[in-house]
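What follows draws every value from the coordinates through simple rules; no lab data is involved. Note that the coordinates shown come from a computational prediction; the quantities given were computed from them, not determined experimentally. Here Cβ is always computed from backbone atoms with ideal geometry, including for glycine, and neighbour counts include all displayed protein chains.
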Amino acid sequence: ILNVEQSPQSLHVQEGDSTNFTCSFPSSNFYALHWYRWETAKSPEALFVMTLNGDEKKKGRISATLNTKEGYSYLYIKGSQPEDSATYLCAFPMIYNQGGKLIFGQGTELSVKP
Amino acid sequence: DVKVTQSSRYLVKRTGEKVFLECVQDMDHENMFWYRQDPGLGLRLIYFSYDVKMKEKGDIPEGYSVSREKKERFSLILESASTNQTSMYLCASSLTSGPNNEQFFGPGTRLTVL
């Protein structure tokens, strides 16, 4: 059974704070690592799909890094804003070509207070 | 833009009723998925389908069945609804089975079984 672990489970920060959280995944048979953002009352949306060790991706104030050898990815938010409040999910493809199935972590729930 | 729609945002059913949740995607995606989301448990895969009439069990298929008669439509069926099936149900689709393919989610159906 593959486990995808996220920490912390929840995070409360003040507007303007920078924050980061972690996704741990099996380091063997790595294919890709996905990050999704899920805002309340909306659908989860993909932020990043990362494939290469050492990869770093950025979208506005959000960035992510990937270490496939040790099996972790960090998501960083610089200068958090209330609109960043959401649950952030990471997901790991189960096996190549198995119908696109993803194993999701439990998520990190971020709350940014004005 | 990929659009994934679900037939209802909120649904209230009684124990023992047969329940149909419908999902439609408009971008000719091969794969479709049904998840449920419960507090503290993250997204759990119920069933998925990688082609018309093809289906695979996910992690928690008990009490559910699915149907995919057309490529764009994936139905989740609760044969005899029970109170422990009260949950948020999310449908998703992805273009192909490659590990880089992000999933696109519908808005979710919050089902309450009384």
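Which peptide among A:86-94, A:19-27, B:11-19 comes first, and what is the full order, when sorted by highest mean count of other Cβ atoms within 10 Å?
A:86-94, A:19-27, B:11-19
Per residue of region A:55-64, what does 6.51 cos²θ - 1.76 cosθ + 1.60 with θ = phi - 60° give for ³J(HN,Hα)? Whole Hz please, x for Gly and Pro, Karplus curve as stated.
Karplus-based 3J(HN,Hα) across region A:55-64 equals 4, 9, 10, 9, 9, x, 8, 9, 9, 9 Hz.
Expressed in nm², what is the orientationally averaged projection area of the convex hull enclosing the Cα positions of region A:1-97?
Its average projected convex-hull area is 6.5 nm².
Quick check on chain B: what does the Kirkwood estimate of hydrodynamic radius come out to from the alpha carbon pairs, in Å?
14.0 Å
Students often check this: by mean Cβ neighbours within 10 Å, which of B:95-107, A:100-112, A:45-57, B:66-78 ranks highest, and how do the rest follow?
Highest-to-lowest ranking by the protection proxy: A:100-112, B:95-107, B:66-78, A:45-57.
Shielding by partners for A:30-43, please: the mean number of other protein chain Cβ atoms within 10 Å of each residue's Cβ.
Partner Cβ neighbours, averaged per residue: 3.
For A:Leu47, which sequence-distant residues (separation of 5 or more, or a different chain) have an amide H within less than 5 Å of its own amide H, given hydrogens modelled in the peptide plane?
A:Trp35, A:Tyr36, A:Arg37
From the phi of every residue in region B:34-46, what ³J(HN,Hα) in whole Hz does the Karplus formula 6.51 cos²θ - 1.76 cosθ + 1.60 yield, where θ is phi - 60° and glycine or proline is x?
Computed from phi, the couplings for region B:34-46 are 10, 10, 10, 10, 10, x, x, 10, x, 8, 10, 7, 8 Hz.
Tell me, what ³J(HN,Hα) does each residue in region B:107-114 have, in order and in whole Hz, if you take phi through Karplus 6.51 cos²θ - 1.76 cosθ + 1.60 with θ = phi - 60° and put x for Gly and Pro?
x, x, 10, 8, 9, 10, 10, 9
What's the average, rounded to a whole number, of partner chain beta-carbon atoms within 10 Å of each residue's beta-carbon in B:101-113?
Across B:101-113, the average partner-chain Cβ count within 10 Å equals 4.
Whole number please: convex hull volume per residue of the Cα set in the protein assembly as shown, in Å³?
Cα convex hull per residue, to the nearest whole number: 116 Å³.
Average partner chain C-beta neighbours within 10 Å, per residue of B:15-26?
Mean inter-chain Cβ contacts per residue within 10 Å come to 0.
Using amide H atoms built in the peptide plane, which far-off residues or other-chain residues are under 5 Å from A:Asp55 H to H?
Sorted by chain and number, the residues that satisfy this are A:Leu66.
Would you mind computing, in nm to one decimal, how far apart the modelled labels at B:Met27 and A:Lys57 are, each placed 7 Å from Cα along Cα→Cβ?
Spacing of the two 7 Å Cα→Cβ label points: 1.3 nm.
Give me the lysines in straight-line cross-link reach of B:Lys70: C-alpha distance below 28 Å, same-chain residues under 8 apart excluded.
Excluding near neighbours in sequence, the set is A:Lys42, A:Lys101, B:Lys3, B:Lys13, B:Lys18, B:Lys53, B:Lys55, B:Lys57.
Please give every one of the aspartates and glutamates within straight-line cross-link reach of A:Lys78, meaning a C-alpha to C-alpha distance under 20 Å, and leave out same-chain neighbours fewer than 8 residues apart.
Hits, sequence-local ones excluded: A:Glu15, A:Asp17, A:Glu39, A:Glu45, A:Asp55, A:Glu56, A:Glu109.
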